[in-house]
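Enquirer: Attaching a single structure in structure tokens format; questions to follow.
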Amino acid sequence: MEAPNQLIPVEDAPGEFVINVGPQHPSTHGVLHLRIKLDGEQILDIEPHLGYIHRGIEKMSESLGYKQFIYLTSRMDYLSAHMNNQACSLIVEKGLQLEIPERAKVIRLLMIELQRLASHQLWWGSAGLDMGAVSPFFFAFREREQILEIFEETCGTRLTMNYITPGGVMNDLHPSFVKTVKALIKQFKVNIHEYDKLLTGNIIFQKRTQDVGVLSKELAISLGATGPVGRASGISCDVRKLHPYDGYEKLDFKEIVMHKGDSYTRYLVRIEEMKQSMHIIDQLIDNIPEGDFRVKTKAVIRLPEGEYYQRVETARGELGVYIVSDGNKSPYRIKYRTPNFSNLGVLQYIAKGSKIGDLVAIMATLDLIIPDIDR
Amino acid sequence: MSKEELKAYLELTFPTCKFENSIDFPLLIVEKESFFAIAKQLKEEPATNFDFLFCQTAVDYISHFEVVYHLTSTQYRHDLVVKVMLEDRENPVTESVYPLWKAAELYENEIFDLFGITFLNHPNLRRIMLGKDWPGYPLRKDYSDDFILTPQS
Amino acid sequence: MGVTEDNLKDFPGEVFSDDTGKANFMVTSIDKLANWARSNSLWPLTFGTSCCAIEMMSTASAKYDWSRFGFEVARATPRQADLIIVAGTICKKMAPVLKRLYDQMPNPKYVIAMGACAVSGGPFYYYSYTVVKGVDTIIPVDVYIPGCPPRPEALLEGMIALQTKIKKSRAYVVDSPKKEEK
């Protein structure tokens, strides 16, 4: 029994009307359909409608083997493809109790931090574009293209790489990897100050994002917000610090937690995370250990019976993979706890009372990827 | 509290519930009727303080459904899994935990959409992904695609 | 008024007759002019559903710039766009939306199916219960670009192939071209 659609306009409330934003809209970052109840230009209520990109990945994985379902996860949150693959590989290794070589762990961490940089760059460019600033879009893609070229040399493709697999990584590093990454980081450390000149210090951007979409700490905990959205409201939820994996416990980096909770704070958290990622790459790039890059696994993997859960930190928050296995070749039930699904729940509560223009500012800093919500 | 201390504490506090072991988190299996009171106590008790619901899902074991809740505490950093068994396959109903954790709103919409489990006291239960007219519940094990492959004219 | 067919036996080029049986051979040069104008300034509609949309954004940015070929302005409204690049998977809930967008575009309009999901359902062909297996089951497609996702250079090649296709087509053919066979 469903409740009737609650956004039915009422006849005796003149001035109130319901509009549709999406599914095809330049600033929803994908196919998200929002039904918004407005009073003039002020938002009274928002109801998200999902399912326009629901491909049934969880049901599909129940027919695929444990080495095959990983290619589908690259397409969920495609800007954190390496992290999604790593979550699935770690859970399979946990089930088989497999130890991977040190070289594979360091290569995985390098790829992941580079992916985090590329993802935050694209977010920065499109956040500027949503606000009306067109130049940051081109500046953001400058370094992102260089990172994608590094990926292409080693992993084979630019966007949906299945490079991190159970047992290690798929191929060894390209011979010029270390040199190219060092040159990129050196250049990026100089160029990141341009970001402050273009957007962070821009008075129009500040006025559009400060005190807009404030998320308090209690509400963020109750809603399950993680990632930069949660950290900007004061929750310390970085999975790399709380439940470290693959060698993060040996690295020295700070967790960025701020307390104000508005859109500008979420923006600043991500800029600082980019600087921390560069710091992590600096620590790893000179000390890649020699050895194997992969451990051989059986051709057909069967996980022992039971339940498993693995968390990783993607660019947008905590991704959790929950597998129920009954000993067969395919998982019995697989559930992806995606960060964007919980972050979308935040939107209804923080956008009430603001204007339509503020809604665009809020969505730009929430950084949602819609295929991750719908899976 | 560590995993063993938590398990000991919970065995004392809830003597009627069953425990299981898993490789990651302690598992608490709860009856449907007493579930909401136990969840409320888990959240509000100062010694456990489970204030963060980070995953809620359902699994279809062919004889029954299970609704699985993953909880953690931002203060103590301990985790717990709570499971509720639903025997009725025709009309599975259980209580919503939206009054305790607001994150449950979207999770329960998704479970209603893909499994058909109804949640009482939910603010806006609707088929959020597939739409009102989709026949059947896809993630059940007895879901059949025949209406797509052999459409009735 | 018009020149009759007998005088046009050796004319190089295509001859179209109108209803009265008289010929009008100036259409060929206007045809070429119209095709040149249409192909060199196609404005795409911003329509990306999933991963291929990111490669489309890469093509639009400075390294693989598509505006050097004329696709300068990407319009958000279908009423002002010539070309719809379907980048990403189309699901059953999205299919009526896509059809409505296609119907709202004014003629002449062209469709490029970018990526494996739009061409045939892609990696979701087997075992998925909501994916439409190829966007050409809904709207007619001019160019197919395979890849998952296709590189920006592949997208540019597909767009240039569309330009070539437009240049070879007839711009002013209306419902019943009566090409006289001798």
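Enquirer: Pick from the range A:124-138 the residues that are assigned to a helix (DSSP H, G or I) and within 14 Å of C:Ala62 (Cβ to Cβ): which of them is nearest to the other protein chains (Cβ to nearest Cβ)?
Expert: So, considering only residues that are assigned to a helix (DSSP H, G or I) and within 14 Å of C:Ala62 (Cβ to Cβ), the one nearest to the other protein chains (Cβ to nearest Cβ) is A:Phe138.
Enquirer: Does A:His82 qualify as being more than 14 Å from chain B (Cβ to nearest Cβ), touching a Cys at 6+ places or on another chain (Cβ under 9 Å) and of a type outside the set (A, V, I, L, M, F, W, C)?
Expert: Against the criterion (more than 14 Å from chain B (Cβ to nearest Cβ), touching a Cys at 6+ places or on another chain (Cβ under 9 Å) and of a type outside the set (A, V, I, L, M, F, W, C)), A:His82 qualifies.
Enquirer: Search the range A:208-250 for residues being small (Gly, Ala, Ser) and not in a loop (DSSP other than H, G, I, E, B), and hand back the single one that is surrounded by the fewest Cβ atoms within 10 Å (Cβ to Cβ).
Expert: Ranking the candidates gives A:Ser222 first.
Enquirer: Among the residues of the range A:253-295, count how many are farther than 30 Å from A:Lys207 by Cβ and of a type in the set (Gly, Ala, Ser).
Expert: Number of matching residues: 1.
Enquirer: If I ask for residues that are touching a Phe, Trp or Tyr at 6+ places or on another chain (Cβ under 9 Å) and surrounded by fewer than 21 Cβ atoms within 10 Å (Cβ to Cβ), which ones from the range B:82-91 would you list?
Expert: Across the range B:82-91, the qualifying residues are B:Lys83, B:Met85, B:Leu86, B:Glu87, B:Asp88, B:Arg89.
Enquirer: Separate question: Taking the condition of being of a type outside the set (D, E, K, R), surrounded by 16 or more Cβ atoms within 10 Å (Cβ to Cβ) and part of a helix (DSSP H, G or I), how many residues in the range A:139-179 meet it?
Expert: Result for the range A:139-179: 11.
Enquirer: Follow-up question, since we're still on this one. Of (1) more than 11 Å from chain A (Cβ to nearest Cβ); (2) surrounded by 22 or more Cβ atoms within 10 Å (Cβ to Cβ), C:Lys133 satisfies all except one. Which?
Expert: Result: C:Lys133 passes all but (2).
Enquirer: Whether any residue in the range C:152-169 is of a type outside the set (A, V, I, L, M), farther than 20 Å from C:Ala53 by Cβ and buried (at least 17 other Cβ atoms within 10 Å of the Cβ) is what I want to check.
Expert: yes
Enquirer: Hey, another quick one. Report the residue count in the range A:322-333 for those that are within 10 Å of chain B (Cβ to nearest Cβ) and touching a residue at least 60 places away in the same chain (Cβ under 8 Å).
Expert: So the count comes out to 2.
Enquirer: Given (1) within 14 Å of chain B (Cβ to nearest Cβ); (2) surrounded by 17 or more Cβ atoms within 10 Å (Cβ to Cβ); (3) in contact (Cβ under 8 Å) with a residue 40 or more places away in the chain, where does A:Pro304 come up short, assuming only one miss?
Expert: Unmet for A:Pro304, out of (1) within 14 Å of chain B (Cβ to nearest Cβ); (2) surrounded by 17 or more Cβ atoms within 10 Å (Cβ to Cβ); (3) in contact (Cβ under 8 Å) with a residue 40 or more places away in the chain: (2).
Enquirer: Let me ask something else. What tally of residues in the range A:139-151 results from selecting those that are within 11 Å of another protein chain (Cβ to nearest Cβ) and either aromatic (Phe, Trp, Tyr) or in contact with a strand residue (DSSP E or B) (Cβ under 6 Å, 6 or more places away or on another chain) (or both)?
Expert: Final tally of qualifying residues: 2.
Enquirer: For the range A:43-74, what are the residues that are in a loop (DSSP other than H, G, I, E, B), over 19 Å from the mean Cα position of the chain (by Cα) and away from chain B (no Cβ under 11 Å)?
Expert: Hits for the range A:43-74 are A:Ser63, A:Leu64, A:Gly65, A:Tyr66, A:Lys67, A:Gln68, A:Phe69.
Enquirer: Based on this model, can you work out whether A:Lys254 counts as without any contact (Cβ under 8 Å) to a residue 24 or more places away in the chain, away from chain B (no Cβ under 14 Å) and assigned to a loop (DSSP other than H, G, I, E, B)?
Expert: Criteria met by A:Lys254.
Enquirer: Do any residues in the range A:358-371 that are away from every other protein chain (no Cβ under 14 Å) and among the small types (Gly, Ala, Ser) have Cβ atoms under 8 Å from those of residues that are surrounded by fewer than 24 Cβ atoms within 10 Å (Cβ to Cβ) and not in a loop (DSSP other than H, G, I, E, B), where the two are at least six apart or on different chains, and which pairs are they?
Expert: Here the result reads A:Ala361/A:Asp130; A:Ala361/A:Met131; A:Ala361/A:Arg208; A:Ala364/A:Ser126; A:Ala364/A:Asp130; A:Ala364/A:Met131, each pair linking the range A:358-371 to a residue that is surrounded by fewer than 24 Cβ atoms within 10 Å (Cβ to Cβ) and not in a loop (DSSP other than H, G, I, E, B).
Enquirer: Follow-up. Please go through (1) in contact with a Cys (Cβ under 8 Å, 6 or more places away or on another chain); (2) touching a residue at least 40 places away in the same chain (Cβ under 8 Å) for A:Asp282 and return the number of the only condition it doesn't satisfy.
Expert: (1)
Enquirer: On to the next question. Considering only residues of the range C:99-120 that are surrounded by fewer than 22 Cβ atoms within 10 Å (Cβ to Cβ) and facing chain A (nearest Cβ under 10 Å), which is farthest from A:Gln24 (Cα to Cα)?
Expert: Among those residues, the one meeting the criterion is C:Arg100.
Enquirer: Can you pull out the residues in the range A:193-228 that are basic (Lys, Arg) and closer than 19 Å to A:Leu366 by Cα?
Expert: A:Lys207, A:Arg208, A:Lys217
Enquirer: Among the residues of the range A:349-358, which ones are buried (at least 22 other Cβ atoms within 10 Å of the Cβ) and in a helix (DSSP H, G or I)?
Expert: A:Ile350
Throughout, read-outs are computed from the coordinates displayed, never taken from laboratory work. Note that the coordinates shown come from a computational prediction; the quantities given were computed from them, not determined experimentally. All Cβ positions, glycine included, derive from the backbone under ideal geometry; neighbour counts span all protein chains shown.
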